[in-house]
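Before any comments, here is the structure.
The values are calculated or read from the model by the stated rules, or taken from the named source; none is laboratory data. Everything quoted here is computed from the prediction, not taken from an experiment. FYI the Cβ positions are ideal-geometry reconstructions off the backbone, even for glycines, and counts take in every protein chain you see. With ligands, DNA and RNA removed, areas are computed over all heavy atoms of the protein, side chains included. Shrake-Rupley method; radii C 1.70, N 1.55, O 1.52, S 1.80 Å.
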Amino acid sequence: MDSQTLQITEDEAALYDRQIRLWGLEAQQRMRNSSILISGIRGLSNEVCKNLVLAGVGSVTIIDHNIVTEEDLGAQFLITEQDLGKNRALASANGVRHLNPRVVVKTDTDDIREKAEEFFENYDLICLTDSGPDTMIHVDRICRKYNKKFYSACTYGFFGYIFSDLNHHDYIQEKKTVVPGKEEPEITRLKKNEEFVSLETALSKNDWDQISVKKLNKISRVLWSVLILWKFQQEEKRLPTANEIDMTKLKSLKDSLFTSNNINVSTVTDEFLRTFTLSITAELSPVCAILGGILAQDILNTLSQRELPINNFFLYDGIEGSGVIYQVEPGKKIP
């Protein structure tokens, strides 16, 4: 991102005055010159697109090769019944443009899995929603090769996750200090940096047994369920259902995950695993709004280089009403 490519106009400064006061002109300028790719157009990405466009990013490209079905009409607000049978990206584009005509909105109807590596060079940040683990790992590898910021996210009914791999990320951290006799606190801006790991590295973690049982059971049960789900998808090349065969497979994968890592996690019961599985294809508007708002805000933090973004999982449990950040670090054991 080159903050000198396009300067913010007077009209834009007036439009974004409130957020410029919040995070500064330089940060808004970085966002103004950013180019973002959003893959997968469903309820979650609708929320992400809305928040990014309203914040005044430079351009958003939405890519999806699927067509609009009746199931899409539930949590999505960028399409209507008249869009049934149309390509999702094309059907949603006008709704995104109307939110903020100053943002360039582009569409792509190709399957992202078939895109050449060079395609991703055109963007500063790539965000995959509702993608399978193999696709996420593949795109994340490309993002690391070309030094692009990577996010993936999905909702599963009452549950959801966000994953970020920003490789090496520089940011500004503000520290407020109360000064006796002054109404306003003094603000110190510190330059910081953070290292991230790839999704592939995070999934290869093999030293969970080095974490105490107490701490293991404090890890969100959503993380374990997502890891089990992704393993199922990698082996079966599809999403599971709650039938007896698939549930037996999921329970076996759960046992294998915990046994191979020599850990005992009591939070992921067979009953909860079934509840999670029953939810995986459902889109709930409130969950999409919550997770989409958090994801969009984190993307804006990354683009503006203000505050530390999520490193590296955010896990949302709508039944418990909790959302937590958990950093999965690479394993220290040698396989």
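Residues are listed down the side, and each one gets a yes or a no for (1) on the phi > 0 side of the Ramachandran plot; (2) in a strand (DSSP E or B); (3) in contact with a Leu (Cβ under 7 Å, 6 or more places away or on another chain); (4) open to solvent by less than 30 Å² (accessible area, probe 1.4 Å):
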residue	(1), (2), (3), (4)
LYS175	no, yes, yes, no
PRO180	no, no, no, no
LEU190	no, yes, no, no
GLU200	no, no, no, no
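If ILE36 satisfies all but one of (1) under 12 Å from VAL103 (Cβ atoms); (2) open to solvent by 20 Å² or more (accessible area, probe 1.4 Å), what's the number of the condition it fails?
Going through the list (1) under 12 Å from VAL103 (Cβ atoms); (2) open to solvent by 20 Å² or more (accessible area, probe 1.4 Å), ILE36 breaks only (2).
Which residues, taken from region 221-234, are in contact (Cβ under 8 Å) with a residue 24 or more places away in the chain and either of a type in the set (Phe, Trp, Tyr) or open to solvent by 20 Å² or more (accessible area, probe 1.4 Å) (or both)?
Of region 221-234, the ones in contact (Cβ under 8 Å) with a residue 24 or more places away in the chain are 221-231, 233-234.
ARG221, TRP224, LEU227, TRP230, LYS231, GLN233, GLN234 - these are the residues of region 221-234 that are in contact (Cβ under 8 Å) with a residue 24 or more places away in the chain and either of a type in the set (Phe, Trp, Tyr) or open to solvent by 20 Å² or more (accessible area, probe 1.4 Å) (or both).
What do you reckon, is ASP140 surrounded by fewer than 18 Cβ atoms within 10 Å (Cβ to Cβ), of a type in the set (D, E, K, R) and not in a strand (DSSP E or B)? Lay out the reasoning, then the answer.
Values: surrounded by fewer than 18 Cβ atoms within 10 Å (Cβ to Cβ): no; of a type in the set (D, E, K, R): yes; not in a strand (DSSP E or B): yes.
Here the answer is no, as ASP140 does not meet what is asked.
With respect to the numbered conditions (1) surrounded by fewer than 15 Cβ atoms within 10 Å (Cβ to Cβ); (2) touching a Phe, Trp or Tyr at 6+ places or on another chain (Cβ under 9 Å), which one is the sole condition not fulfilled by LYS237?
All conditions pass for LYS237, except number (2).
Take the residues in region 53-107 that are part of a helix (DSSP H, G or I) and touching a Cys at 6+ places or on another chain (Cβ under 9 Å); name whichever of them is surrounded by the fewest Cβ atoms within 10 Å (Cβ to Cβ). So that I can check it myself, show each step before the final result.
Filtering region 53-107 down to residues part of a helix (DSSP H, G or I) leaves 53-55, 70-73, 81-83, 88-99.
Subsequent filtering for residues that are touching a Cys at 6+ places or on another chain (Cβ under 9 Å) retains 92, 95-96, 99.
Working: SER92: 28, GLY95: 19, VAL96: 23, LEU99: 15.
Per the stated criteria, the residue is LEU99.
Can you name every residue in region 301-331 that is within 16 Å of the chain's Cα centre (by Cα) and either free of Cβ contacts under 8 Å to residues at least 12 places away in the same chain or open to solvent by 10 Å² or more (accessible area, probe 1.4 Å) (or both)? Break it down into steps so the answer makes sense when it comes.
Taking region 301-331 and keeping what is within 16 Å of the chain's Cα centre (by Cα), we get 301-303, 308-317, 323-328.
Residues satisfying the conditions are ASN301, LEU308, ASN311, PHE314, TYR316, GLY323, VAL324, ILE325, TYR326, GLN327.
Could you count how many residues in region 143-169 are polar (S, T, N, Q) and either under 20 Å from ALA89 (Cβ atoms) or part of a strand (DSSP E or B) (or both)? Lay out the reasoning, then the answer.
Keep residues of region 143-169 that are polar (S, T, N, Q), which gives 147, 152, 155, 164, 167.
When the remaining residues are screened for being either under 20 Å from ALA89 (Cβ atoms) or part of a strand (DSSP E or B) (or both), the result is 152, 155, 164.
So the answer is 3.
Okay, residues lined up against (1) modelled with pLDDT of 95 or more; (2) within 26 Å of ARG238 (Cα to Cα); (3) outside any helix (DSSP H, G or I):
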| position | (1), (2), (3) |
| --- | --- |
| ASN262 | no, no, yes |
| THR277 | yes, yes, no |
| THR281 | no, yes, yes |
| CYS288 | yes, yes, no |
| GLY293 | yes, no, no |
| ASP298 | yes, no, no |
| ASN301 | no, no, no |
| PRO309 | no, no, yes |
| TYR316 | yes, yes, yes |
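Determine which single condition CYS154 fails, assuming it passes every other condition in (1) surrounded by fewer than 17 Cβ atoms within 10 Å (Cβ to Cβ); (2) within 14 Å of the chain's Cα centre (by Cα).
The single condition CYS154 does not satisfy is (1).
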